[in-house]
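Q: First the structure, then my questions, so here it is.
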Amino acid sequence: MNAHSNPAAAAAAGTNPHFILVPLMAQGHMIPMADLACLLVDNGGLVSFITTPVNAARISSTLAGVRSSAIPIRLVELRFPAAEAGLPAGCENLDLLADYKLHKPFVEVFPLLADQLELYLRHQIPAANCIVSDNKHAWASSIARKLRIPFIIFHTPSCFYLHSTFSIKRHNIFDRLKDDFEPFFLPDIPQRIQMVRPQVERWLDSPTWEKLRGECYAAEEAADGVIINTFEELEPWCVERYGIATGKKVWPIGPLSLHNRETETRESATSIEAAIDAERIRKWLDDREEGSVVFVSFGSLARNPISQLIEIGSGLEAAGVGFVWVVKEVEVRSSTEAERWMDQFERRSESEKKGIVIRGWAPQTAVLSHPAVGGFLTHCGWNSALEAICAGVPMATWPHFADQFLNERLVVDVLGIGVAVGATVPLKPADEERKDAVVMRGAVANAVVRLMDEGEEGEGRRRKAREFGEKARKAMDKGGSSNEYLKGLIAHVIGVTL
Ligand code: UDP
């Protein structure tokens, strides 16, 4: 047995490649990066997971399974320069920002972490072999250059999004449009898919992000390659064409959420309340018929005003199917009207046994894989979409912002496993000023009814979703495509540095 087939022996011999993971401080980025950390450790790597104190406390339970194993993940806490960004102490994650306007100062202060990271790396034994950085941490690329180690970008969106935005830029599509309402076809893909400019992420052309965007493109240009949380069988043409178009090595090594499906460490509750909720959901679902419940959740960042919560709740009631609906504390506490309406809705739903409302955080991957769950009303964050795919659950798609509209097109038009709710206008995360509902109860009810439909159309979607779930599992298994790409990634790092 050589050192790399026995991670503990390799660690003792000091021959494990040492990966430095630098995630963006947002749940949709930290969670897959934590999964990647566990995957690398399980495959003979050493991992330093770079974060800040508040985020370390939140992610530690996800990392707990391997932290107690022979090779602990090094959870590295850098001081977050909140004061320098004009943010209150402890405001260290995108989901903690009180308002969308704080997004820019939050992101712009990241480069101040560079000196602390460099100092850490200069004292590491064994030395760092590679930095794997979220694409928004462009500053980390200069440290990799200084220390002469490989720099790899970790992309959290779908490859369909990466490929589409790259092609839109390459063909200067936006320059040819009269205005924001002129539709255009996505370039360089076999399907005929129409979008309008605002639905493609603002990041691509907004002057607000011009400087950071330039730095991120430059960092990516200089990178050894990119890791994508996807699997080849899901979007094969995108993986291939994105690699050719960018000239980069592409390692699709997901779905990362599947790596510890055996150990269930991913869902370990971070608080007593979360543990009670998890048990409550499980019991409620256990009493429901197979495939009869819709799970409703909009990720970690999207915040709905009370007008929208009322439309969602009323739409779910009108659809007449069982539901588990996750609402955020910040949404419920936004006004006494919201508190009162939610309290009444919750009591009514529970007493009539229609559904349950979870305030805060639900164990999403566990809920999605419960046999009673037959559909997912989602904002199409890529982690959520991928987790539904892993569970073989079709989706009703309601994109809000960022990569979500493109993810919706992939899920609905390309993969054929989704029903669009009909949201067309992008929103801002944590937008304090948004007061109006953008999707009405009728549209919510229609989409949920179609999603849960037991006829031919619904069954076709369910069958395809199950098939993709199977393919996802195979991809992550030994000898599967993602597993092979992972080996290639590790071999690349070893080949370049050890
Ligand atoms: N998530 C969860 N429980 C919740 C809400 C979100 O476990 O109540 C997880 C979800 O499983 C996913 C991540 O948080 O892994 C959200 O990422 P996504 O890309 O879907 O959306 P974002 O939060 O970035 O908008």
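Read the figures in this text as sums done on the coordinates, not as results from a lab. Computed from a predicted structure; not experimentally measured. Quick reminder, even Gly has a Cβ in these numbers, built from the backbone with ideal geometry, and neighbours come from all protein chains shown.
Q: Between the alpha-carbon centers of segment 17-37 and segment 81-101, tell me the distance in whole angstrom.
A: Their Cα centres are 20 Å away from one another.
Q: Which ordering of Arg197, Arg340 is given by a fewest-first count of other beta-carbon atoms within 10 Å?
A: Going from least to most buried by this count: Arg340, Arg197.
Q: Using 7 Å Cα-to-Cβ label points, what is the Glu118/Lys211 separation (nm, one decimal)?
A: Result: 1.9 nm between the two label points.
Q: Please arrange Leu121, Leu256, Leu177 by counting, for each residue, the other beta carbons lying within 10 Å of its beta carbon, fewest first. The partial results should precede the final answer.
A: Working: Leu121 21, Leu256 28, Leu177 13.
Least crowded to most crowded, the residues run Leu177, Leu121, Leu256.
Q: Still on this model: Taking the Cα centre of the chain as origin, work out the dipole magnitude from +1 charges on Lys and Arg Cβ and -1 charges on Asp and Glu Cβ, in debye rounded to 20.
A: Rounded to the nearest 20 debye, it is 860 debye.
Q: Using +1 at the C-beta of Lys and Arg and -1 at the C-beta of Asp and Glu, which of Ile168, Pro363, Ile494 has the Cα lying farthest in the positive direction of the dipole of the chain?
A: The residue sitting farthest along the positive end of the dipole is Ile494.
Q: What number, rounded to the nearest 500 deg cm²/dmol, is the helix-based mean residue ellipticity at 222 nm of the chain, given -39500 (n - 2.57) per DSSP H run of at least four residues and division by all its residues?
A: On the way: 19 runs with 217 residues, N = 498.
Rounded to the nearest 500, the figure is -13500 deg cm²/dmol.
Q: Which cross-chain or sequence-distant (5 or more) residues have an amide H under 5 Å from the amide H of Leu377, H modelled 1.01 Å from N in plane?
A: Amide H to amide H, under 5 Å and 5 or more residues apart or across chains, Leu377 pairs with Phe295, Val296, Ser297, Ala396.
Q: Next question. Cα gyration tensor of segment 155-247, axes a ≥ b ≥ c as square roots of the eigenvalues: rounded (a/c below 1.5), prolate (a/b > b/c) or oblate? Provide the component values of the computation, followed by the final result.
A: Details: a/c = 2.01, a/b = 1.17, b/c = 1.72.
Verdict is oblate for segment 155-247.
Q: Please give the helix 456-476 orientation as an angle from the longest Cα principal axis of the chain, in degrees from 0 to 90, rounded to the nearest 10.
A: Once rounded, one gets 20 degrees.
Q: Taking a threshold of 32 Å on the Cα-Cα distance, which of the pairs Lys136/Lys283; Lys104/Lys354; Lys428/Lys478; Lys101/Lys283; Lys283/Lys471 fall above it? All intermediate terms of the calculation are to be shown ahead of the outcome.
A: Values: Lys136/Lys283 40 Å; Lys104/Lys354 41 Å; Lys428/Lys478 41 Å; Lys101/Lys283 40 Å; Lys283/Lys471 29 Å.
Check vs 32 Å cut-off fails for Lys136/Lys283; Lys104/Lys354; Lys428/Lys478; Lys101/Lys283.
Q: Same structure again: Ranked highest first by average number of other Cβ atoms within 10 Å, how do 229-236, 143-150 line up? Provide the component values of the computation, followed by the final result.
A: Working: 229-236: 23.5, 143-150: 17.5.
Going by the mean number of other Cβ atoms within 10 Å, highest first, we get 229-236, 143-150.
Q: If you don't mind, there's one more thing I want to ask. For the chain, build the charge dipole from Cβ charges (+1 Lys, Arg; -1 Asp, Glu) around the Cα centre, then report which of Ser257, Gly455, Ser142 sits farthest towards its positive end.
A: Result: Ser142.
Q: Set the Förster radius R0 to 22 Å, insert the Cβ-Cβ distance between Glu352 and Glu467 as r into 1/(1 + (r/R0)^6), and round the FRET efficiency to 0.05. Please report the intermediate quantities before stating the final value.
A: Values: r = 36 Å, r/R0 = 1.62.
The value I calculate is 0.05.
Q: Next question, about the same structure. Helix 306-319: angle to the longest alpha-carbon principal axis of the chain, degrees 0 to 90, nearest 10?
A: 70 degrees
Q: Just rank Asp180, Asp277, fewest to most, by other beta-carbon atoms within 10 angstrom. Don't skip to the answer; put the middle values down first.
A: Values: Asp180 10, Asp277 20.
Ascending Cβ contact count within 10 Å gives the list Asp180, Asp277.
Q: Which whole-percent values make up P(r) of segment 271-472 when all C-alpha to C-alpha distances are grouped in 10 Å steps starting at zero?
A: Whole-percent P(r) values from 0 Å outward: 9, 38, 39, 12, 1.
Q: Just the isolated ones, please: cysteines in the chain lacking another cysteine beta carbon under 4.7 angstrom.
A: Cys38, Cys91, Cys130, Cys216, Cys380, Cys390, each lacking another Cys Cβ under 4.7 Å.
Q: Taking a cut-off of 18 Å between Cα atoms, list the aspartates and glutamates near Lys464, but don't count ones fewer than 8 places away on the same chain.
A: Glu232, Glu233, Glu235, Glu290, Glu387, Glu408, Asp413, Asp453, Glu454, Glu456
Q: Right, another one. Please give the peptides 282-291, 53-62 ranked by average Cβ packing (other Cβ atoms within 10 Å per residue), highest first, as a rough proxy for protection. The partial results should precede the final answer.
A: Working: 282-291: 13.6, 53-62: 18.9.
Highest-to-lowest ranking by the protection proxy: 53-62, 282-291.
Q: Using the basic label-point model (7 angstrom from Cα toward the beta carbon), what is the Leu177 to Met440 distance in nanometres?
A: According to this spin-label approximation, the distance is 2.6 nm.
Q: Tell me, how many Å apart are the Cα centres for segment 173-230 and for segment 400-428?
A: Centre-to-centre distance over Cα atoms comes out at 16 Å.
Q: If the convex hull of the alpha-carbon atoms of the chain is projected onto planes in all directions, what is the mean projected area in square nanometres? Kindly include the intermediate steps, with their values, before the conclusion.
A: Details: hull surface 89.3 nm².
So the Cα hull casts an average projection of 22.3 nm².
Q: Would you mind checking the tilt of helix 441-452 against the longest principal axis of the Cα atoms of the chain, expressed as 0 to 90 degrees and rounded to 10?
A: 70 degrees
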